[in-house]
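Notes follow the structure.
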Amino acid sequence: MLLTATLAPAQDTTRKGVRIGLTYQPGTKPVVVVLPVTGAGGDSVAAILSRDLDFSDRVEVVTPTSAVAFDAARGKAGRAPNYGLWKTLGGAAVVEGSVTAGGVLIVVHDVGQSRIAETRNFPLGAAPMSGEWRMALHGISDEIVRWISGTRGSAQSRILYVRDKQIHVIDSDGAADRVLTQGSTSLSPAWHPRGRYIAFSKFGDRGTEIHITDVATGSTRRLATAAGLNITPEWSPDGQSIVYAHGAESGTDLVMVSAFDAGPVRKITVGRGTDNTSPSFSPDGRRLAFTSGRSGHPEIYVMDADGANADLLTPFQFGEASYRSGPSWSPDGRRVAFQSRIDGRFQIVTINLRDRGMQQLTSEGSNEDPSWAPDGRHMIITSNRSGSKQLWVLDVETGRTRQLTRMGGARLAAWSSTLPTVVP
Amino acid sequence: MLRRARVGFALATAILLTAAGACRKKEPPPPPAPEINQDSVVAAERARADSVTRADAARRDSLARAQAAASAESSAREAARVAEVRSTLTAPVYFDYDSDGLSDETRAALDAKIPILNANQSVRLRIAGHADDRGSDEHNLALGQRRAAAAKRYLTQRGVAESRIEIISYGEERPAMEGTDESAWSQNRRDEFEITAGGDRLTPPS
């Protein structure tokens, strides 16, 4: 088995990757026809691809299921699809798949140009319906989304979250939910940038500790921390360091340590007795956004990764005791999302780093703890809009939401980067 | 409770003493008979002696019972005082929203703990800071830490040794009361005090 990292840079929003002829315009959704997939297990493959394309929010998915529609799409066996028909019906692309020995052959047709735009045989190394097999299919979906829109999708990823005081992990489409921890309360899970490890905080007898778990082996070790409060770990983008909040008897400050080697603990905020928590790195690793109560109530600040040049990011509002916390720096580096108390409830807000313009993304129920998807377009949030705290995926462009979890009490979610796929 | 028990005890004692007195009154010497039957004299003497013995026994019995009751009462009173000391020492203190400031009420509750800590030098405390569930889950852990630290600082500034108090924060993870209104929130914004050592022999402050 060879471990191949099929990683797309998370902040890739260029249009250079557009190889399909259709003109993709952000804000409009081209209609993509996903034909029934031929071969063993084809129905499952088609279902997963269709759903992923739909969840990408970049295309309008049409799935003809009847044999008639199939014939209409493909014409007679072995002949080219009926481009004229799909053009009339407004289709922009047709996705055709067939299960082959050890993989899936995908053909994407550009309807407007009446030609095949992309063909690739994707290996599927793992056993059908296994977690790795599903993850590999999600990778195919993400690649199809990139062919069509220029930006890779986020399906090939997982989400960490807290339920019943334990860390859980769930696939981005809501499948394969499982618990990763046991024992005392565990909180604030954070992904290693390439998904190899997770870090989280855990209640102990004498305070809260930072633990690191190797996702592949499940082995867990405790980060050497001083006694007291040790919470909200965050990996540096190079995967070498962890920044977390340490509190003892005079406030809580952010500190940085090596994730794997013994080394000094470097204090990087000077809170002077105030609370400084929930760090989030900029994608280039040079800056940190964090929550600080230094002005008397929690606000979002940014600073250099070494602690210099700390600056209030969210504007002070006169006459209002605002409460803003839990920043998440967007993968394109341009925005920071956070939760802000508005009319007594938390809502998700983004602030643009260039002009500091703010945009409120939610208004239904109470919404907390945003974490960006690798596509920089979606985020996972905690919302009580359905009556209990659940994870919801929010499309920042359109405001569309989908509920990811159904079991009550889910919170503190963290979306991974695009995860590596294991292929033979 | 205590007062009612004491009245009951007094009543029981009075009944016992009356019974003993009644026995003594029934002891006049038998009137002299013209024909003295030696057997009847002996029987009468024996009866008299028996009744004296019985009366003495009753007296001793009631005395012992009174003493036992008195000692039980005193140890109950002692236990109640120790329980009161323990409850004062472990009484939670409460905070305003998103604040670690000590209100007058909170200071008074902390002041009441100081003489107890002074009278029991082997006692060690763990102060656990808590928050209501309105803030951020993560930031509330830091708030709980500050609340615990504020109470510890207040006590150590008034002479309690630093090493006798450890602090911990549970944020909003362990509410004292479930609920989504101020009556629950106000109960949850608190410091709890747990005796971690020296709690088995608490001495009330003199």
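The values are calculated or read from the model by the stated rules, or taken from the named source; none is laboratory data. The structure presented is a predicted model; accordingly, all values stated were derived computationally and were not measured. Cβ: placed from backbone, ideal geometry, glycine included. Neighbour counts: every protein chain shown. Ligands, DNA and RNA are stripped out before the accessible areas are found, and what is left, the full protein with its side chains, is counted by its heavy atoms. Shrake-Rupley method; radii C 1.70, N 1.55, O 1.52, S 1.80 Å.
Distance check, please: which entries in A:LYS202/B:LYS152; A:LYS267/A:LYS389; A:LYS267/B:LYS152 exceed 28 angstrom between their Cα atoms? Check vs 28 Å cut-off fails for A:LYS267/A:LYS389.
Solvent-accessible area per residue in the protein assembly as shown equals 47 Å², computed with a 1.4 angstrom probe and all protein chains kept.
Taking only protein heavy atoms and a 1.4 Å probe, the accessible area of region B:150-190 is 47% carbon and sulfur.
Amide H to amide H distances under 5 Å link A:GLN166 with A:SER186, where only residues 5 or more positions off or on other chains count and H is placed in the peptide plane. A Förster distance of 41 Å, applied to the separation of the beta-carbon atoms of B:SER103 and A:LEU312, puts the FRET efficiency at 0.90.
Sorted largest first by accessible area at a 1.4 angstrom probe radius, with every protein chain in place, the residues A:MET407, B:MET177 fall in the order A:MET407, B:MET177. Here is the list for region B:139-206: trypsin sites (Lys or Arg not before Pro) lying in DSSP coil, each with at most 15 other C-beta atoms within 10 angstrom of its C-beta, are B:ARG158, B:ARG201. Within the protein assembly as shown, DSSP assigns beta bridges of which about 85% are antiparallel (rounded to the nearest 5). With the cut-off at 1.5 for a/c, could you classify region A:363-419 from its C-alpha gyration tensor as rounded, prolate or oblate? Note, shape of region A:363-419 comes out oblate.
Within the accessible area of region A:300-424, the carbon and sulfur atoms contribute 46%, probe 1.4 Å, all protein chains present. With 20 Å² as the minimum drop in accessible area between chain alone and full protein complex (1.4 Å probe), the qualifying residues in region A:148-165 are A:LYS165. Among A:ILE144, A:ILE268, A:ILE159, the residue with the largest mean-square fluctuation in a Gaussian network model of chain A, with springs joining Cα atoms closer than 10 Å, is A:ILE268.
Taking GluC sites (Glu not before Pro) as exposed when their DSSP state is a loop state and no more than 12 other Cβ atoms lie within 10 Å, the longest site-free interval of chain A runs over A:1-319. Summed over both chains, the accessible area lost when A and B associate is about 2300 Å², using a 1.4 Å probe. Its DSSP H runs of at least 4 residues, each contributing -39,500 (n - 2.57), put the calculated 222 nm mean residue ellipticity of the protein assembly as shown at -9000 deg cm²/dmol, to the nearest 500.
Could you identify which residue out of A:MET256, A:MET358, A:MET379 has the top mean-square fluctuation in a GNM of chain A using Cα springs shorter than 10 Å? Its mean-square fluctuation being the largest, the pick is A:MET358.
Cut-off 12 Å, label point 7 angstrom out along Cα-to-Cβ of A:ASP304: give me the residues of region A:259-287 whose amide nitrogen falls inside. Residues passing the 12 Å test: A:286-287. Computed from the C-beta positions of B:ALA161 and A:VAL265 and an R0 of 25 Å, the FRET efficiency is 0.40 to the nearest 0.05. For region A:189-264, the set of chymotrypsin sites (Phe, Trp or Tyr not before Pro) satisfying both a DSSP loop assignment and a count of at most 16 other C-beta atoms within 10 Å is given as A:PHE260.
With a/c under 1.5 counting as rounded, go ahead and sort the protein assembly as shown into rounded, prolate or oblate using the C-alpha gyration tensor (a ≥ b ≥ c being the square roots of the eigenvalues; past the cut-off, prolate if a/b is larger than b/c, else oblate). The shape class here is prolate.
Contact residues in region B:131-167 (at least 30 Å² less accessible area with all protein chains than alone, 1.4 Å probe): B:SER136, B:ASP137, B:GLU138, B:HIS139, B:LEU141, B:ALA142, B:GLN145, B:ARG146, B:GLU166, B:ILE167.
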